Amino acid sequence: MSTSSQSFQYAFSGTMSGCQSTDSTLTSGTVFAGSPSGTLTGTGPFASGSGSCGSSTTSGVAVVQWNNAKTTVVSYTTSGGGAEVALQGTVIPSTVVNGVTYTTTEFSSGESTLAELVFSIPSGSSENCATVPVTTANINGQTGLGSAQ
């Protein structure tokens with residue numbers, strides 16, 4: 001991202017830890033969008049959006065592979081200002097990423113997810129958003145998934 005608004009595609013991958021669920025076997029997982037490696041390789045589909053380092057909106061599909069060998073597929077949108085991003089999504093039945101079908105087996109289609117995320121530039125990076133566009137960022141935050149009780 002840079003200081004001027006532009007359209008972009010992105011991918012990510014990472015780990016989820018400290019998970020709590022009504023399913024006691026679920027404690028952690030991995031998540032990706034775009035490709036399992038979190039890169040813009042293969043056929044996608046890739047998340048996309050528009051914006052700058054000051055504000056952005058995006059949409060995409062993420063796959064969560066839980067430690068209990070189950071999967072959740074989420075269609076999501078984000079809106080953000082600066083380093084803070086709010087994510088809203090819905091569990092969907094399945095998606096195809098790079099020719100591989102991922103099917104939701106943990107949680108139910110239609111359940112909602114919310115997340116408050118903070119992006120940061122990796123230590124030692126020369127990317128700063130003001131003069132060098134940001135192409136890599138760390139993502140941290142909390143995510144909730146499920147239906148209201």
### Query
If E116 passes every condition in (1) more than 13 Å from the chain's Cα centre (by Cα); (2) within 30 Å of S5 (Cα to Cα) but one, which one does it miss?
(1)
### Query
Does segment 34-80 hold any residues that are free of Cβ contacts under 8 Å to residues at least 12 places away in the same chain and under 10 Å from the mean Cα position of the chain (by Cα), and which are they?
none
### Task
Just give me the residues in segment 20-44 being surrounded by 16 or more Cβ atoms within 10 Å (Cβ to Cβ) and either under 14 Å from V85 (Cβ atoms) or of a type outside the set (A, V, I, L, M) (or both), in sequence order.
G29, F32, A33, G34, S35, P36, G38, G42, G44
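From the list S94, S126, pick out the single residue that is over 23 Å from Q20 (Cβ atoms), of a type in the set (G, A, S) and at pLDDT 95 or above. If you could, list the steps in order and put the result at the bottom.
Details: S126 fails: at pLDDT 95 or above.
Sole residue among the options that is over 23 Å from Q20 (Cβ atoms), of a type in the set (G, A, S) and at pLDDT 95 or above: S94.
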### Summary
Turns out the strands (runs of 3 or more DSSP E) fully within segment 32-149 with at least 1 residues that are out of contact with any strand residue (DSSP E or B) (no Cβ under 8 Å at 6 or more places or on another chain) are 100-103
### Summary
Among residues of segment 1-17 being assigned to a loop (DSSP other than H, G, I, E, B) and either among the aromatic types (F, W, Y) or at pLDDT below 90 (or both), the residue surrounded by the most Cβ atoms within 10 Å (Cβ to Cβ) is M1
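Which residue is modelled with the lowest pLDDT, if the candidates are limited to segment 54-70 and must be within 17 Å of F12 (Cβ to Cβ) and surrounded by 17 or more Cβ atoms within 10 Å (Cβ to Cβ)?
Here is the first cut: in segment 54-70, the residues within 17 Å of F12 (Cβ to Cβ) are 56-65.
If we keep only those that are surrounded by 17 or more Cβ atoms within 10 Å (Cβ to Cβ) as well, we get 56, 58, 60-65.
Working: S56: 93, T58: 96, G60: 97, V61: 97, A62: 97, V63: 97, V64: 97, Q65: 98.
That would be S56.
State all residues of segment 121-134 that are at negative phi and either without any contact (Cβ under 8 Å) to a residue 12 or more places away in the chain or surrounded by 12 or more Cβ atoms within 10 Å (Cβ to Cβ) (or both); if no residue qualifies, say none.
If the condition is that a residue be at negative phi and either without any contact (Cβ under 8 Å) to a residue 12 or more places away in the chain or surrounded by 12 or more Cβ atoms within 10 Å (Cβ to Cβ) (or both), then I121, S123, S125, S126, E127, N128, T131, V132, P133, V134 are the ones that fit.
The values are calculated or read from the model by the stated rules, or taken from the named source; none is laboratory data. The shown structure was predicted, so the numbers you read here are calculated from the model rather than taken from an experiment. So basically every Cβ, Gly included, is an ideal-geometry build from the backbone, and we count neighbours across all protein chains shown.
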